[in-house]
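Contents: one structure, followed by commentary.
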Amino acid sequence: MAEEKEIAYRLAEKQKEVSVAEFFERNRHLLGFDNKRKALMTVIKEAVDNALDACEEAKILPEIKVEIIEMSEDRFRVIVEDNGPGIIKEQIPKIFAKLLYGSKFHTLKQARGQQGIGISAAVLYAQLTTGRPTKIISKIRTKSEANYYELHINTQKNNPEIVKESTLEWKKEHGTKIEMDIEASYQKGAQSVDEYLKETAIVNPHATIIYTNPKAEQVIFARSTNDLPKEPKEIKPHPYGVELGILLKMLKATEGRTLQSFFTNDFSRVGPTTVKEICEKAAIPPSIKPSEVNMQMAERLIKAIRETKIIAPPTDCISPIGKDLLLSGLKKEIPAEFYTATTRPPSVYRGMPFVIECCIAYGGSLDKESSANVLRFANRVPLLYQPGACAITKSIIGTAWRSYGLNQSSGALPAGPVVILVHLASVWPPFTSEAKEAIAHYPEIIKEIKLAIQECGRELARYVLKKRRVSDSIQKKGYIEKYLNHVGGALKELLSLSDKEEARINDSLKDILEKSRKIEEIEKVEHDGSEERLGILQNDEESEVGEDG
Amino acid sequence: MAEENMLAKIKKTATEIYRQIMAKEKPHLKMPLRSLSNVNYDSKEGYFEMSNEFKERTLTVNTIKTFAQTLRMLSLSKTLVETDDIATKREAYYISKNWGDAKFVEQPESDTVMDDIEAMFMVNREQMGFISDEHGGSVSGELIVVDIDPSTNKEIKIDCTKMGTGSYSVPTRVEHLKFETNAKFVLAIETQGMYERLVKHSYWKTANCILISLTGVPSRACRRFIRKLSDEKKLPVYVFTDGDPYGWLNIYRTLKVGSGNAAHINKYFCVPNAKFIGITARDIVDYDLPSHPLKDIDIKRVVDGMKNDPFVKFHPEWQKELNMLVKMKKRAEQQALAAHGLNFVISDYLPKKLKDPKSWLP
């Protein structure tokens, strides 16, 4: 055992010697910097996510300016400015120029950022690709002057390196502005900065985003509500969500003097009775010091936790967007004729509370021929990459859309003029990688997504079928006109009738059919809501294909 | 005779529709339901007979297109019969392109309407002036076909032993043909490949028989040709297909008892005395034949056959065979016999099968 520890320590020392630059170079794909186009999106995404988080925490309605300037063919200057609370002087270098520094990693709270890696990774990317320092201006309300920094990251020590430091006049009352020169490429379309900002505007209807693209075209995504999202509460981890590594870390960091106080203070939903049960099952006295818990004991504790019934975590820590705001966000950016939305009640995966929301837009000027446009979100952040790996895509494909009035071939997204938006809000959204591109396939999450989709789907079906009925009625009338003459014409040929007789046939037949059409429509209205389809073009025959010559 | 009759039938139907329309009734056409669910297996006569389910095509908003097309097709048939002309199914489909909105988009649509009219009048399509454009089947062996030269109207004799490496091809109309033969039996073969092998080695000479290739589900003309040959010359008919549900249920069953789709003409277009000497499930084991796994569609065919096919329901031997195949999850093609040598089929398989009636299936 002792020997094992030694090796572990030695390994840990070695690992420290790996510079962050090297780490970044090896893992840039995990962090969303795989290529130049994606890098541009990722840099802006990290800056905007931070800006929105900061504004919301300070209860300020966000107003964010994003500007991209083309410096040369593959070099761009990115400027993101917010009206957030600002950052105090001492913290600026650490926040922007130290990887894995942040407030969010140690707490469980619904937020866009998780590990404090995003913005500093962007700073590092800028430094590695153009060598230029990142420029920060930040001002807090109580100070008259803003702080100005030019920062590099010391890639050996993972520490900020201050290139320039000063104060300056800034007409803004408070806020932060970041400016980076990066190697990138700009393109419109799916997975672009434009798309990312548009989708961000949809799920953040309380934010105004002013965007100037490299062609100097300005787009303003105006806010459609003045209500800030409900502030999510911080919660302590739930025992079900804790794995061995985290448990060991928590045992080391705790202020609790005994295992008993460690469990009751550092976890949610654990009272003395539960501690007793866990400790009995693990055969460890609750009075032991947390620092005395070794690896094997910790393993026993984890096993005991799994075997103990513990109440689900509180769910007030989640702040969903809400049905009405979702609708207003979608209506603002997606021109359709029908909208419906739903917010599911909170649910739990692996001790982590989450909420699923779904919103569907249909018809209008949406493309009728293509497959559905799927908008995926986690904690109000658009997910643009890796749709195939995402639990949201999987759930949508796994839903039977035909009963909701859309076409769908097996194993594919539904087709038709439809936008499907799914939002996962959670204290800890389970991503498949650090780049936060796809949601992992937890059965509890997939189940909730499907339920949300189904709720919206039913509303959609009601609308589509009603619409179809109206158009059927119009279509039918045209149908009679179209084929009536052929009945008369054929009879004329068959029985050598005169033109006059043919005309009389047509008149008489029209009467008969119009009458029956009206009766049919009345019957239809009486059967409102039935999902029958009118097989106008389908033959009513049954035939054995290829069996007979 | 037949022409007069046909014209009268068409006229009668058209007049009735005319009357209904003028009387402000919804016009309708009545026709037998063409499906396996509407046939009985007449085990005494040996073919599928149509039962009594009918469908009515009432002219409504939803059916007006098909209704108009049916009338147009009737009118075309009338013209053909009156002018003593013929049109292939494909040609009929192209003629419909002149019907404006009522035209057929794909040929299966026009074929269906044609089959409906056929069933409605209980005639075969040739009587209505329509002919099939399918390949009729190839013939070689101890047979002289007595036909009429279309340009001179004189009798001509075609000797099927003198086709060299080629074959005599069954015409689309066979009713007027006569036969002269000393052969002992007719051997109907599923694939062209196997047929070619037997012709190449003059199997018909060694076995004193007539070889006919079916190439898939046999056409009506081919079925009628074999039936006439068998009836008039009192020849037994043996059928040699692959060992799979398609070979058994679609090819053999249709040849022997007819199809559900055209039950109104099965009486004449089937070969009730046919016997199955093709690959059986037992053969796959006994001959250790290279096999392929059963496909989903094969399984579906078996399930369908067990449930709906009156022929299978009547013959426990076939049920046993189908069950065994499903259990083995295998199928084998007739050409799999080549695994034991290219001419194994001639030297061993066929002689052995023909000698042993117990190895046949009904």
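Restricting attention to the stretch A:243-254, does a residue exist that is out of contact with any strand residue (DSSP E or B) (no Cβ under 8 Å at 6 or more places or on another chain), more than 19 Å from A:E292 (Cβ to Cβ) and polar (S, T, N, Q)?
no
In contact with a His (Cβ under 7 Å, 6 or more places away or on another chain) and under 27 Å from B:K184 (Cα atoms), is that true of B:P351? So B:P351 does not fit the description; no.
Among all residue pairs at least 6 apart or on different chains, which show Cβ distances below 8 Å where the first residue, located in the stretch A:298-325, is under 13 Å from A:P237 (Cα atoms) and the second is open to solvent by 100 Å² or more (accessible area, probe 1.4 Å) and aromatic (F, W, Y)? Close Cβ pairs (under 8 Å, with a partner that is open to solvent by 100 Å² or more (accessible area, probe 1.4 Å) and aromatic (F, W, Y)) do not exist here.
Residues that are touching a residue at least 40 places away in the same chain (Cβ under 8 Å) and β-branched (V, I, T) within the stretch A:455-472 comprise just one, A:V464. For the residues A:K450, A:K466, A:K477, the requirement of being within 14 Å of chain B (Cβ to nearest Cβ), open to solvent by 30 Å² or more (accessible area, probe 1.4 Å) and over 30 Å from B:T79 (Cβ atoms) singles out A:K477. For the stretch A:429-444, the set of residues classified as among the aliphatic types (A, V, I, L, M) and over 9 Å from the mean Cα position of the chain (by Cα) consists of A:A435, A:A440, listed by residue number.
For every residue, the table says whether it meets (1) touching a Gly at 6+ places or on another chain (Cβ under 7 Å); (2) modelled with pLDDT of 90 or more.
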position: B:P236; (1), (2): no, yes
position: B:D244; (1), (2): no, yes
position: B:W248; (1), (2): no, yes
position: B:T254; (1), (2): no, yes
position: B:A263; (1), (2): no, no
position: B:K320; (1), (2): no, yes
position: B:M324; (1), (2): no, yes
position: B:Q334; (1), (2): yes, yes
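So which strands (runs of 3 or more DSSP E) stay within the stretch A:303-382 end to end and still have 3 or more residues that are crowded, with 21+ Cβ neighbours inside 10 Å?
A:338-343, A:352-362, A:373-378
So which residues in the stretch B:76-97 are part of a helix (DSSP H, G or I) and either open to solvent by 40 Å² or more (accessible area, probe 1.4 Å) or of a type in the set (D, E) (or both), if there are any at all? Once the filter is applied, which keeps residues that are part of a helix (DSSP H, G or I) and either open to solvent by 40 Å² or more (accessible area, probe 1.4 Å) or of a type in the set (D, E) (or both), the stretch B:76-97 yields B:T79, B:E82, B:R90, B:E91, B:Y94, B:I95, B:K97. Counting residues in the stretch A:417-429 that are open to solvent by less than 40 Å² (accessible area, probe 1.4 Å), in a loop (DSSP other than H, G, I, E, B) and at pLDDT below 90 gives one or more. You will find that of B:E109, B:E134, the residue that is surrounded by fewer than 20 Cβ atoms within 10 Å (Cβ to Cβ), within 14 Å of chain A (Cβ to nearest Cβ) and either assigned to a loop (DSSP other than H, G, I, E, B) or of a type in the set (A, V, I, L, M) (or both) is B:E134 and no other. Contact map, the stretch B:280-302: first residue without any contact (Cβ under 8 Å) to a residue 12 or more places away in the chain, second residue of a type outside the set (S, T, N, Q), Cβ cut-off under 6 Å, separation 6 or more or different chains; the map is empty. Scanning the stretch A:203-223 for residues that are touching a Gly at 6+ places or on another chain (Cβ under 8 Å) and either outside the structural domain of A:S192 (by TED's automatic domain parsing) or over 20 Å from A:E357 (Cβ atoms) (or both) yields a total of 0.
Checking each residue in the stretch B:275-289 for being out of contact with any strand residue (DSSP E or B) (no Cβ under 7 Å at 6 or more places or on another chain) and either in a strand (DSSP E or B) or open to solvent by 70 Å² or more (accessible area, probe 1.4 Å) (or both) picks out B:R282, B:V285, B:D286, B:D288. Among the residues in the stretch A:497-507, are any surrounded by fewer than 18 Cβ atoms within 10 Å (Cβ to Cβ), hydrophobic (A, V, I, L, M, F, W, C), out of contact with any Phe, Trp or Tyr (no Cβ under 9 Å at 6 or more places or on another chain) and in contact (Cβ under 8 Å) with a residue 24 or more places away in the chain? There is no residue in the stretch A:497-507 that is surrounded by fewer than 18 Cβ atoms within 10 Å (Cβ to Cβ), hydrophobic (A, V, I, L, M, F, W, C), out of contact with any Phe, Trp or Tyr (no Cβ under 9 Å at 6 or more places or on another chain) and in contact (Cβ under 8 Å) with a residue 24 or more places away in the chain.
The values are calculated or read from the model by the stated rules, or taken from the named source; none is laboratory data. As the structure is a prediction and not an experimental result, all values here were calculated from the model. Neighbour counts are summed over all protein chains in view; Cβ atoms, including those assigned to glycine, are modelled from backbone coordinates with ideal geometry. Surface accessibility is based on the protein's heavy atoms, side chains included, excluding ligands, DNA and RNA. Shrake-Rupley method; radii C 1.70, N 1.55, O 1.52, S 1.80 Å.
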